[in-house]
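A.B. asks: Structure in structure tokens, see below.
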Amino acid sequence: MKLRYRIGTRVIYLVWRILFGFRIEGRENIPKNGGVIIASNHLSNFDPPLVGTAVWVRECYFFAKRELFVINKFYKWIMETFNAYAVDTKKPSKETLKYTQELMNKGLGLIFFPEGTRSLEGHFLEFNQGVGWLALRSQVPVVPAAIKRTNTSLVSQFFRKNRVQIKFGKPIITNGFKTNKEERELITQKIEDRIKELYESISDA
């Protein structure tokens, strides 16, 4: 794990834990070695750093909307420093998918938001089947994750009215599946169902 990545995730964790009561469940479900996809729902711009922080034991790479890389040079530097790379989230290019598959083949971790964009109201959006495609092509496990309340105000989080929580589920094993359309749809639906189950199981406390 690169030093800057380790420091960054630890600082984010301490800030959110101390100021906002950040909670993490199920981290033991994340494999410590080998390629893995962490698939999560998406509520706000806080999700990528918080999910990355919650993973803790693994350095991960991030799909990021290409629009984020043109905001300004400093923001682009932050994104690239912490392993984000530009993607057309509506229709990832073959080059992007190939690069991502190479990361998996090298035994690295990827944080993927299958909805492709934020659901500010908190309801689930349609899942992009790219997550199923990548999982099947790479034959890596997918760890479902649910994040809750990052779309609430920081003031309400500070006063613990809306405590941010992340919960990881048991890995979905993709070995043995074929890479055809039917299997891709099946594994994508399975990932979506697991994330929704995790989301509903997060306490309201």
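Values in this text are rule-based calculations from the coordinates and carry no lab data. None of these values were measured; they are calculated from a predicted model. Cβ sites come from the backbone with ideal geometry, for glycine too, and all protein chains shown count toward neighbours.
A.B. asks: Quick one: Cα centre-to-centre distance for the range 117-135 and the range 143-205, in angstrom?
C.D. replies: Their Cα centres are 10 Å away from one another.
A.B. asks: Starting from the range 105-184, pick out the trypsin sites (Lys or Arg not before Pro) whose DSSP state is loop and whose Cβ has at most 14 other Cβ atoms within 10 Å.
C.D. replies: For trypsin sites (Lys or Arg not before Pro) across the range 105-184 that sit outside H, G, I, E and B with at most 14 neighbouring Cβ atoms in 10 Å, the list reads 106, 160, 161, 178.
A.B. asks: Continuing with the same structure: Can you say what percent of the DSSP beta bridges in the chain, counting only those with both residues inside, are antiparallel? Round to 5.
C.D. replies: Looking only at bridges with both residues in the chain, the antiparallel portion is about 20 percent.
A.B. asks: Further, regarding this structure: Compute the normalised compactness of the range 111-199: alpha-carbon radius of gyration over 2.2 N^0.38 Å, N being the residue count.
C.D. replies: 1.23
A.B. asks: So, one more: Which FRET efficiency, nearest 0.05, do residue 105 and residue 32 yield, Cβ-Cβ r, R0 25 Å?
C.D. replies: Between residue 105 and residue 32 the formula returns 0.90.
A.B. asks: What is the diffusion coefficient of the range 3-201 in µm²/s, taking the Kirkwood radius over Cα pairs and the Stokes-Einstein relation at 25 °C with a viscosity of 0.890 mPa s?
C.D. replies: My calculation gives 145 µm²/s for D.
A.B. asks: Further question: Run the dipole for the chain about the Cα centre, Lys and Arg Cβ at +1, Asp and Glu Cβ at -1, nothing else charged, and hand back the magnitude in debye, nearest 20.
C.D. replies: The calculation lands at about 660 debye.
A.B. asks: Here's another thing I want to ask about it. Separation between the residue 160 and residue 173 pseudo-spin-labels, each 7 Å from Cα along Cα→Cβ, expressed in nm?
C.D. replies: 4.1
A.B. asks: On a 27 Å Cα-Cα criterion, which of the cross-link pairs 32/76; 2/196; 98/190; 76/196; 32/73 come out too long?
C.D. replies: 32/76; 2/196; 76/196; 32/73
A.B. asks: Contour minus end-to-end for residue 183 and residue 203, with contour as 0.36 nm per residue of separation and end-to-end as the Cα-Cα distance?
C.D. replies: Result: 3.9 nm gained on full extension.
A.B. asks: Okay, moving on. Which GluC sites (Glu not before Pro) does the range 1-76 hold that lie in a coil by DSSP with at most 16 other beta carbons within 10 Å?
C.D. replies: Within the range 1-76, the qualifying GluC sites (Glu not before Pro) (loop, at most 16 other Cβ atoms within 10 Å) are 59.
A.B. asks: Which lysines have a Cα lying under 20 Å from the Cα of residue 161, excluding residues fewer than 8 positions away in the same chain?
C.D. replies: Within the straight-line limit of under 20 Å, residue 161 reaches these lysines: 148.
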